[in-house]
1. Can you tell me which residue among B:Glu86, B:Glu52 is acidic (Asp, Glu), out of contact with any Pro (no Cβ under 7 Å at 6 or more places or on another chain) and not in a loop (DSSP other than H, G, I, E, B)?
2. Within the range A:5-32, can you find the residues that are β-branched (Val, Ile, Thr) and either at the interface with another protein chain (Cβ under 9 Å from one of its Cβ atoms) or surrounded by fewer than 11 Cβ atoms within 10 Å (Cβ to Cβ) (or both)?
3. Mind telling me which of the residues A:Gln209, A:Gln196 ends up being more than 14 Å from chain B (Cβ to nearest Cβ), under 20 Å from A:Leu146 (Cα atoms) and in a helix (DSSP H, G or I)?
4. How about the range B:152-199: which of its residues are away from chain A (no Cβ under 14 Å) and charged (D, E, K, R)?
5. Is at least one residue of the range B:352-362 without any contact (Cβ under 8 Å) to a residue 12 or more places away in the chain, loosely packed, with under 14 Cβ neighbours inside 10 Å and at negative phi?
6. Please enumerate the residues belonging to the range B:19-53 that are among the hydrophobic types (A, V, I, L, M, F, W, C), over 30 Å from A:Met191 (Cα atoms) and over 24 Å from the mean Cα position of the chain (by Cα).
7. Looking at A:Lys100, is it of a type outside the set (Phe, Trp, Tyr) and touching a helix residue (DSSP H, G or I) at 6+ places or on another chain (Cβ under 7 Å)?
8. Can you find, within the range B:175-223, the residue that is farthest from B:Tyr439 (Cα to Cα) among those that are acidic (Asp, Glu) and at pLDDT 90 or above?
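The values are calculated or read from the model by the stated rules, or taken from the named source; none is laboratory data. Everything numeric in this text was worked out from a predicted model, so none of it was measured. Don't worry about glycine lacking a Cβ; one is built from the backbone with ideal geometry, like all the others, and counts go over all protein chains shown.
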Amino acid sequence: MQDNVIIIIVVATIAALLLLIALLFVTSVFRRVYNKRKYRKLDDLREMFNKKLRESLASGDLLSTQCEFIAIPQSDTWQAIEDVLLSLISEERHQHEVTKLFSALGYVSFHEKQLESRNVQVCALGLDKLGKMKSEASVPKLIALLDNEDPEIVSVAVRSLSKIGGQAALQAIVERMPAMLDRSIVTRKAMGMALQAFGADAIPYLVEQKAGQDNLWVISCILDILSRLPTDPRSVRLAAEYLSSMNAEVRSKALKVLGQADNARADKNLPVLILPLLRDPIWFVRLQAIRSIRALGHEGAAEPIGKLIGDQNWQVRNEAAQALIVLGAQSLDIFLDVLMGTDKYAKESICEELEKTNYSGRLIENLKARDQQLQVKSRKILEIMHSLGFSTPHIAYLEQEGDVAVKGLIRTMMKTGPVA
Amino acid sequence: MKTILAALILFFNYFIGVYFGILNTIYLVLLTVALFVILRHLERIKYSTRKEFHTSPETPPVTILIPMHNEERVILRSIRSALASEYPFFEVIVINDGSTDGTMQKVIDTFRLKRIDRVYRMFLATKPVKGFYYNLETPNLLVIDKENGGKSDALNCGINISRSPYFCSVDADSLLEKDALIRIMVPLLESNVPVVASGGVVRIINGLRLSDDGITIQEINLPDKTLLLFQIVEYLRGFLFGRVGWDSLRALLILSGTFSLFQKATVVEAGGFKVGNVSEDMEMIVRIHRHMLKKGKPYRIRFVSDPICWTEAPDNIKMLGRQRRRWHLGLIQSIFQNKEMMFNPQFGRIGMVVVPYYILFEILGPVIEVLGYLFVIISYAIGILSVDFLILFLILAIFYGVFLSTASIFLEELTFRRYPKWGHLFKLLLYGVLENFGYRQLNSVWRFQALIQFLCGIKKWEHVHKKGTEAHTKVATNE
């Protein structure tokens, strides 16, 4: 009796498995056949409507011929027309007409309806499509979704609003900035990217949003976004105001705004404002100060940056070494000072950068320079580099065709051994 | 005496029945979960932010680490494909782990590298570095030449020199798809919880036709060799439902070392890759779990099903056996080196569910399977198992195996469809059936051998020789 029960269970399981295998097999085959037909049809339809729509656009009577493009929602024709229109909207000359057509053909209302769905993915897909269609009429509905609980919906809404553009969208995002920053990393990132997409238009709103704002986290984010937008005097003023903030993150972001290279042309005094922050107690502020001064370029920067070669933080040391390399000849004395010192870490950082950027090649060339001082300093640096094990440029020069006198000098310095 | 023996055998038979019943139920759960997760993932891709991350300042720099040891036939493809990645900020660090063939020279000559002096700071202890090679024309490529110390040692060396917050380990015989890096990064960028490691899909390169540049896939074909076809079905099963399923249950314990992304700080904090382990990737993941759970910090380890890295699979039994023994030995080592997690509530679901699962079903599975075959024969010999039962259970086991393989191929059909021809579909389905007759059993024997190796204290890294796929490239060009 018991055996029979077991046999029945096993046989039933085998039968079920067999059925499932057959079902999966048939579904796979059916799906392939179905998709093949569907996509072939879609390709044909896309090709046809691409031609037709382009002709209508060229003739200028797109809106009068729109009845040709009406299709049943979600049918293959509907999808093909949508695909073609979405590719046409990326061409700026057609943008206005195509946007109107999307609305006239019912795409906008269809996707707006999707926004009401409880399914996050359906809603997000609708949001995404409305953004791609640049549907200005849908902006209020998209704005309403900025307050949604789901970070995925908020992120897609922000992104779509940035694609549509316009003051209302921009203002709505900026107004909700503090809430979005608090909500999740995902919405914060989406917001940052979206505001960047608005370009210079976002600047006045961001600067205004700062007014009455005592949340330093929000200020820091505003400054961060401003640093990625085109340079603007309003941004510079705001950043300068926060250089002395109590919050290191804010100071660092303010430096980032000021360090935009274009600012150098507009305001010659900016590096002077930044220089004191090279002595900031927080390492990433010092790091950003070096970067900003390097981007702006400043004649008197070599000496204070040189002091950071011995910084306790390796990122700051490396950044300082790189900045000094960019500053070139005016840094030679600083290099020499540090290389003659006792800080091995700092010495190695400089040697590494000198070699990596091929500055060592310039130093070797300097060995035949008429300027006696330049020659001596370069030789000294090369000697120290050799003593620290950074001899590859020396050896490489000896192995290639080059100036005999220079080769002699290199051989001598390599024979004499460590100097430092 | 005979009665006691018969009772014992009967008990063991029931035990096997229950054991495989539980195991197959777990597989069914994973399969079902994977189906829903993959479908959801595919829907999300439609409105994904992937393209926007290309230009976003939020996208962090990544270092691609490629350890190499005697890989002269395949290394250039791997480096070139890594350099061709479409990603905003990345560097490629190739670590020559004491190759004794022409690998190093080939890389130096091809990329016209020059020796450069670099400061090498050992955050993680490694074998001595002999030199660094660099070319200003390819500023994001650095080659390190070091003494042989194994893959883990080479990876640690790369970590020491890398300056990015994330690194991606890629095998020297692999071909990374151009968008693989950004795709593997997206879940990390979209996550509210720090993602400390994530893995992508590894597929078999054998059979692929590459174009003249050697890194662009011209045509995807299935290889001719039976052994490779079995492995393709196996990889589909392993990646498309195994890892997707475990990932969605937040219980991922394996990421393939062929293509995985790690947060550098976490790996360094956890002590880097363990030298001496034959499967450094898995041990690292288990240790990261242990480290993060001990610290009580929120974290995620993710598997992403759309970034793809193609890799070479062994095409003969000897090499495949070596590879599988090594993998299983690595699994056993990783679990036992972190055994404090076993049934330890401090380690949450990893300690209470995942580690016990791996011990009971993955490590002991082959033992039970092999013993099961023996006991079935004994049961039949002493007359306590009827032929009907024997045949029925055999059919059940085979059908279940076929079902899992068919379901994996169905998942592939449903999602990525990398094997587009009708012939591919039927061939894969056929091999999904055939693998149950011999190949699966052979795998169990290799895994059983690995367990014996572990018990005997054998820890050797069984090297799998790579043939390279230059032939495929030539065919493509000639045609």
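1. Working: B:Glu86 fails: not in a loop (DSSP other than H, G, I, E, B).
The unique qualifying residue is B:Glu52.
2. So the first thing to find is which residues in the range A:5-32 are β-branched (Val, Ile, Thr), and the list is A:5-11, A:13-14, A:21, A:26-27, A:29.
Once the filter is applied, which keeps residues that are β-branched (Val, Ile, Thr) and either at the interface with another protein chain (Cβ under 9 Å from one of its Cβ atoms) or surrounded by fewer than 11 Cβ atoms within 10 Å (Cβ to Cβ) (or both), the range A:5-32 yields A:Val5, A:Ile6, A:Ile7, A:Ile8, A:Val10, A:Val11, A:Thr13, A:Ile14, A:Ile21, A:Val26, A:Thr27, A:Val29.
3. A:Gln209
4. Scanning the range B:152-199 gives B:Asp153, B:Asp171, B:Asp173, B:Glu177, B:Lys178, B:Asp179, B:Arg183.
5. no
6. Within the range B:19-53, the first condition is being among the hydrophobic types (A, V, I, L, M, F, W, C), and the residues that meet it are B:20, B:22-23, B:26, B:28-31, B:33-39, B:42, B:45, B:53.
Now restrict to residues that are over 30 Å from A:Met191 (Cα atoms): B:20, B:22-23, B:26, B:28-31, B:33-35.
B:Phe20, B:Ile22 - these are the residues of the range B:19-53 that are among the hydrophobic types (A, V, I, L, M, F, W, C), over 30 Å from A:Met191 (Cα atoms) and over 24 Å from the mean Cα position of the chain (by Cα).
7. In short, no.
8. B:Asp179
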